[in-house]
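The structure under discussion appears below in the form of structure tokens.
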Amino acid sequence: MMPSFFFAHGAPSLVLEEHAYTDLLKQFAAKLLQPKAIVIFSAHWEEQVQTVSSVDRYSTIYDFGGFQDELYRMTYPAPGDRPLSEQIQSLFAKHGIPSRLDGERGLDHGAWAVLKLIYPDADIPVVALSVNRDLTNEQQYEIGKALSELREQDVLIIGSGGTVHNLRSVNWRAQGVDEWAGAFDQWLESKLEAWDTEALFQYEELAPYARMAVPTSEHFVPLLIAMGSGDANRQAQLLHRSYQYGNLSLSCWQFN
């Protein structure tokens, strides 16, 4: 069965950077059976109704400003997979989750920056999905759980976001890690490894510095969705964790 993953996408410039986390992403494909398709939830696509992309080939969205010129010349023209998009919509309907198809939207940097590092040739079909921060944490988990059977079909499910993502608190010159960011991620690690959904669904009240780490939840939601897709086996493994600018987390979680 294909594992599911959560990847932090950091700043848009991640795709140009060279460090331990980008090394992991660049070497990732060599350690995993090549998927038949990729399903990716990006923190940067928010909709009130669960939306499933259904395109023939993706355009590239530059949903950022002020970064290196090279980023605005990058493209990720991955093919879509309309039959998979329709299958996903059917799975959502089976689990009582309203959804709709979108035949126009391209890939935002939460999707393409990560995918370009892992699969630079853009030759694997992709289905992008939206997130909705207004749902409960239980509902986010259930969205992932609804798609879990896709893993048996060699479909790679990815959540792209960030466990600690507070852009108002980043320090562009920081050398170390802010204590509050580390404390939140340590709490999160213990609950994920124990598969303690009861605590995770109440992380806003129970986790230390939760409001600092997750001021708005759209970047945290993809983690819960990816975790939900691993509900059958309930095994979580931290593959990487580091920080940029004092508290912007770069983490990778695998759910078997």
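The values are calculated or read from the model by the stated rules, or taken from the named source; none is laboratory data. Please read all numbers here as calculations on a predicted model, not as lab measurements. FYI the Cβ positions are ideal-geometry reconstructions off the backbone, even for glycines, and counts take in every protein chain you see. These accessible areas exclude ligands, DNA and RNA; they are computed on the full protein's heavy atoms, side chains included. Shrake-Rupley method; radii C 1.70, N 1.55, O 1.52, S 1.80 Å.
Does Thr163 count as closer than 27 Å to Pro12 by Cβ and either in contact (Cβ under 8 Å) with a residue 12 or more places away in the chain or surrounded by 24 or more Cβ atoms within 10 Å (Cβ to Cβ) (or both)?
Yes: the conditions hold for Thr163.
Among the listed residues Ala122, Ala146, which satisfies the condition of being farther than 17 Å from Ala226 by Cβ and among the small types (Gly, Ala, Ser)?
Of Ala122, Ala146, the one residue that is farther than 17 Å from Ala226 by Cβ and among the small types (Gly, Ala, Ser) is Ala122.
Considering only the range 53-78, how many residues are touching an Asp or Glu at 6+ places or on another chain (Cβ under 7 Å) and surrounded by fewer than 19 Cβ atoms within 10 Å (Cβ to Cβ)?
Here the count works out to 2.
Ala113 fails exactly one of the following numbered conditions: (1) open to solvent by less than 70 Å² (accessible area, probe 1.4 Å); (2) out of contact with any Gly (no Cβ under 9 Å at 6 or more places or on another chain). What is the number of that condition?
So Ala113 meets the others, but not (2).
In the range 19-52, which residues are among the basic types (Lys, Arg) and either surrounded by 15 or more Cβ atoms within 10 Å (Cβ to Cβ) or modelled with pLDDT of 95 or more (or both)?
Passing the criteria: Lys26, Lys36.
Output the number of residues of the range 177-215 satisfying the condition of being over 20 Å from Glu142 (Cα atoms), among the aliphatic types (A, V, I, L, M) and free of Cβ contacts under 8 Å to residues at least 40 places away in the same chain.
Qualifying residue count, the range 177-215: 4.
Mind listing whichever residues of the range 166-180 are closer than 30 Å to Ile38 by Cα and surrounded by 15 or more Cβ atoms within 10 Å (Cβ to Cβ)?
Residue satisfying the conditions is Asn166 alone.
Residue check, Pro83 against (1) open to solvent by 10 Å² or more (accessible area, probe 1.4 Å); (2) outside any helix (DSSP H, G or I), all met but one. Which one?
It is condition (2) that Pro83 fails.
Only residues that are closer than 19 Å to Leu115 by Cβ and open to solvent by 50 Å² or more (accessible area, probe 1.4 Å): list them for the range 204-256, please.
Leu239
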